[in-house]
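Note sheet for the following structure.
The values are calculated or read from the model by the stated rules, or taken from the named source; none is laboratory data. This structure is a prediction, so every number in the text was calculated from the model and none was measured. Methodologically, a virtual Cβ is constructed for each residue, glycine included, from the backbone with ideal geometry; neighbour enumeration extends over all protein chains shown.
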């Protein structure tokens, strides 16, 4: 009986076997060694939320059931992993501030060819570089403001804003996210500004050669 599966490791193993995969194949899908995965299955190492979310994404067995035996076992067919949790999986960094650094690091990496190139056909003008620095500075200030609020008030808009800046989620999906539901309407002006910043950054990346601007 499923309700008799007592440990997170056993529930992880159930999810793997229920998807008709070997532990070796599953370990390869999530970038883990078979021995490392086996240690988690046997309870020798802690099963992290990041691994539970990855398992949910691959097998459809809910992360909350794997972690804490919270029913139901399987995802509702119409449900999906929250955008924030997908971003956690992408960067493999469950800590909020680590994700802050990774999102800005990704933007830095995307723009580096234009900021640092010696090729005049690729490199940004000084005006474009100044615009980039101003946008990044403003985005950081807006997001850091949220981190200074009480956790209950600031976590929603911080996560919402960081996901907007990440730029990989549709607006409608973000609007229906848990982060949006936990965001007070008084912060929407700041979040709309972050959305504008993301658009201006993307415009710089997509149109690097506007030398006449």
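If we keep just the residues of region 20-33 that are assigned to a loop (DSSP other than H, G, I, E, B) and loosely packed, with under 15 Cβ neighbours inside 10 Å, which is nearest to the chain's Cα centre (by Cα)? So the residue we want is 31. Residues that are over 15 Å from residue 104 (Cα atoms) and not in a helix (DSSP H, G or I) within region 153-172 comprise 169, 170, listed in sequence order.
Does residue 36 fit the bill of being under 24 Å from residue 102 (Cα atoms), without any contact (Cβ under 8 Å) to a residue 24 or more places away in the chain and surrounded by fewer than 17 Cβ atoms within 10 Å (Cβ to Cβ)? Spelling it out, it is not the case that residue 36 is under 24 Å from residue 102 (Cα atoms), without any contact (Cβ under 8 Å) to a residue 24 or more places away in the chain and surrounded by fewer than 17 Cβ atoms within 10 Å (Cβ to Cβ). In this structure, residue 126 does satisfy being outside the structural domain of residue 48 (by TED's automatic domain parsing) and closer than 18 Å to residue 207 by Cβ. Candidates 149, 142: the one that is more than 15 Å from residue 108 (Cα to Cα), in the same structural domain as residue 112 (by TED's automatic domain parsing) and assigned to a helix (DSSP H, G or I) is 142.
May I ask you to list the residues in region 39-70 that are free of Cβ contacts under 8 Å to residues at least 24 places away in the same chain and more than 20 Å from residue 89 (Cα to Cα)? Answer for region 39-70, where residues must be free of Cβ contacts under 8 Å to residues at least 24 places away in the same chain and more than 20 Å from residue 89 (Cα to Cα): 39, 44, 70. Yes or no: region 164-173 includes at least one residue that is more than 23 Å from the chain's Cα centre (by Cα), outside the structural domain of residue 49 (by TED's automatic domain parsing) and crowded, with 18+ Cβ neighbours inside 10 Å. No, there is no match, as no residue in region 164-173 is more than 23 Å from the chain's Cα centre (by Cα), outside the structural domain of residue 49 (by TED's automatic domain parsing) and crowded, with 18+ Cβ neighbours inside 10 Å. Would you confirm, using the coordinates I've provided, whether residue 188 is within 21 Å of residue 110 (Cα to Cα) and assigned by TED's automatic domain parsing to the domain that holds residue 108? When the stated conditions are applied, residue 188 does not pass them. The helices (runs of 4 or more DSSP H) located wholly in region 35-135 that include 1 or more residues which are touching a helix residue (DSSP H, G or I) at 6+ places or on another chain (Cβ under 8 Å), modelled with pLDDT under 90 and more than 30 Å from residue 176 (Cα to Cα) occupy 96-116.
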